[in-house]
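The following block contains the structure, expressed as structure tokens.
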Amino acid sequence: MTRIVQVGMGSWGRDWATRVVPAVPRAQLEGCVDARPTALAEVKKLGVVDEDRCFTSLDAALNRLAVAAVLVTTDLPSHISVVKAALQAGKHVLVEKPFAPSVLEAREAVDLADRLGLTLMVSQNYRFFPAVRAVQQFMAEAELGKLLHIDIDFRRHSPPSPKGRTGHRNWDQPLLLDMSIHHFDLLRAITGSEATSVYCRAQNPAWAGFKDPPEGSAIIDFGDDLTVNYRGSWVHPGHKTLWAGEWRMEFEKGELWWTSRGDFYSPAEDEAWVYDHNAKRSSVALPHLERTDRAGALDAFVSALSEGLQPESSGRENLGSLALAYAAVDSSLKREAVAVPPVAADR
């Protein structure tokens with residue numbers, strides 16, 4: 001059993017505490033931390049933990065509770081300070097994406113975890129779905145030859161709120177940093193390659209009601225002559241995609257189409273198809289996963305601790321996804337192609 005303290009009990013943090021952690025039997029939530037008494041009041045109302053296990057500081061929680069790990073579900077600006085405090089207290093850490101406000105800060109946390117011999121994992125939960133695992137296996141078998149091109153289309157409709165800029169409408173870069181980073185991470189997980197450059201254009205229509213651009217497109221270059229065309233939108237007026245988007249992967253001998261993560265974070269709508277030169281379609285068998293999404297990420301974290309291994313989306317491995325996301329933001333601001341620094345393999 002891995003005993004955990006969770007920091008950050010806003011609405012998303014409470015969703016972790018009430019739906020995700022209970023779905024992983026090997027994880028036990030021992031206490032909750034939030035600087036806001038109102039958030040802790042909601043925790044108490046939900047009966048997540050006993051009242052005497054709610055704290056306004058991580059130090060207070062760790063002084064009182066015997067835990068092995070800290071789950072960080074605060075807002076992005078608070079991630080690194082909480083991650084570092086937990087590591088310095090000798091605790092393993094699972095942190096929500098995006099990992100950090102900058103690649104430099106993320107690298108500092110990764111290096112700290114390495115020096116202390118602790119596990120630091122980023123919850124890149126889109127990896128833990130049947131279609132993604134099937135595509136990774138498909139890539140390993142290389143039946144269609146060399147991968148030449150990838151098209152990704154993500155479409156959702158988040159209309160202006162009558163309450164104004166609330167939620168993600170008021171976030172910094174709500175598409176590229178909060179949503180597209182999932183797709184960028186999947187690109188790396190599936191291809192096993194690192195992006196070398198990105199050219200990104202982002203738009204913020206006057207009618208959209210977002211502080212920062214909710215839609216954009218990008219051309220991403222990877223090694224070995226692989227090019228990716230990416231398009232994402234929070235304000236698409238038409239047919240929506242699943243959360244992982246729609247992927248078309250062009251190989252020498254055919255095409256792989258797939259999608260993943262249905263509404264309500266369900267794997268039930270996952271699917272993958274292969275098309276040959278004659279447009280003949282055949283389905284790709286999808287594996288059964290006992291736990292998916294964030295529960296899959298948490299279960300992988302617990303497994304890594306019990307087995308003494310690094311998780312697949314460790315903090316260090318995640319540097320490449322973070323670097324690509326911030327390079328896309330930089331490109332959109334400069335309106336020019338930007339190199340993606342090769343940070344993932346640094347030691």
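Here, each number is a calculation from the coordinates, and none is a lab measurement. On a predicted model such as this, the values are computed, not experimentally measured, just so you know. When we count neighbours, we look across all protein chains shown, and the Cβ atoms used for this are built from the backbone with ideal geometry, even at glycine.
Once phi is turned into θ = phi - 60°, what whole-Hz ³J(HN,Hα) does the Karplus curve with 6.51, -1.76 and 1.60 give for every residue of the stretch 50-59, x standing for Gly and Pro?
Ordered by residue, 3J(HN,Hα) equals 5, 4, 6, 10, 10, 9, 9, 8, 5, 4 Hz.
Classify the stretch 280-347: rounded, prolate or oblate, from the alpha-carbon gyration tensor (a ≥ b ≥ c, eigenvalue square roots; a/c under 1.5 rounded; otherwise prolate if a/b is larger than b/c)?
oblate
Right, another one. I'd like the Karplus ³J(HN,Hα) series for the stretch 251-264: coefficients 6.51, -1.76, 1.60, θ = phi - 60°, whole numbers in Hz, and an x wherever there's a Gly or Pro.
These are the phi-based 3J(HN,Hα) values: 10, 4, 10, x, 10, 10, 10, 7, 8, 7, 6, x, 4, 6 Hz.
Given points 7 Å out from each Cα along the Cα-Cβ axis, report the residue 219 to residue 65 separation in nanometres with one decimal.
Each label point is offset 7 Å from its Cα along the Cβ direction, giving 5.0 nm.
Quick check on packing: order 78-84, 140-146, 44-50 by the mean number of other C-beta atoms within 10 Å, highest mean leading.
Result, highest mean first: 78-84, 44-50, 140-146.
Under a plain spin-label model, where a point goes 7 Å from the Cα along Cα-to-Cβ, how far apart in nm are residue 339 and residue 23?
Between residue 339 and residue 23, the simple spin-label model gives 4.1 nm.
Calculate the dipole size of the chain relative to its Cα centre from +1 charges on Lys and Arg beta carbons and -1 charges on Asp and Glu beta carbons; express the result in debye to the nearest 20.
Using Cβ point charges on Lys, Arg, Asp and Glu, the chain gives about 860 debye.
Could I have the simple spin-label model distance between residue 143 and residue 307, label points 7 Å from Cα toward Cβ, reported in nm to one decimal?
Label-label distance for residue 143 and residue 307, simple model: 2.6 nm.
In the stretch 195-304, what trypsin sites (Lys or Arg not before Pro) fall in a loop by DSSP, with at most 13 other Cβ atoms inside 10 Å?
Here the trypsin sites (Lys or Arg not before Pro) that fit, given the DSSP loop and packing criteria, are 240, 253, 280.
Further question on the same structure: Regarding the stretch 2-118, what's the average projected area of the Cα-atom convex hull, expressed in nm²?
6.6 nm²
Which of the listed residues, 323, 249, 167, is farthest toward the dipole's positive end in the chain, when Lys, Arg count +1 and Asp, Glu count -1 at the beta-carbon?
167
Another question, then. What does the extension gain come out to for residue 50 and residue 3, with contour length at 0.36 nm per residue minus their alpha carbon separation?
Difference between extended and current length: 15.4 nm.
Counting other Cβ atoms within 10 Å, which GluC sites (Glu not before Pro) in the stretch 225-263 have at most 11 and lie in a DSSP loop?
Of the GluC sites (Glu not before Pro), the ones in loops of the stretch 225-263 whose Cβ has at most 11 other Cβ atoms within 10 Å are 252.
Ignoring solvent entirely, what values of log10 I(q)/I(0) come out of the Debye formula for the stretch 163-241 at 0.16, 0.18, 0.20 Å⁻¹ when each Cα is a single scatterer?
Normalising to I(0) and taking log10 leaves -0.64, -0.77, -0.90.
Further question: On a 25 Å Cα-Cα criterion, which of the cross-link pairs 211/240; 211/334; 163/334; 84/211; 45/84; 84/334 come out too long?
163/334; 84/211; 45/84; 84/334
List the chymotrypsin sites (Phe, Trp or Tyr not before Pro) in the stretch 180-242 that DSSP assigns to loop (not H, G, I, E or B) and whose Cβ has at most 13 other Cβ atoms within 10 Å. Which are they?
207
Could you calculate the FRET efficiency of residue 161 with residue 269 from 1/(1 + (r/R0)^6), where r is the beta carbon distance between them and R0 is 25 Å, rounded to 0.05?
0.40
Under the rule a/c < 1.5 gives rounded, and otherwise a/b versus b/c splits prolate from oblate, where does the stretch 81-165 land using the Cα gyration tensor?
oblate
Oh, and also: List the residues of the stretch 191-207 whose backbone N lies under 14 Å from a point placed 7 Å from the Cα of residue 227 along the Cα-to-Cβ direction.
Once the point is set 7 Å along Cα→Cβ of residue 227, 197-200 turn out to lie under 14 Å by backbone N, inside the stretch 191-207.
Viscosity 1.002 mPa s, temperature 20 °C: Stokes-Einstein D of the chain from its Kirkwood Cα radius, in µm² per second?
Rounded to a whole number, D works out at 102 µm²/s.
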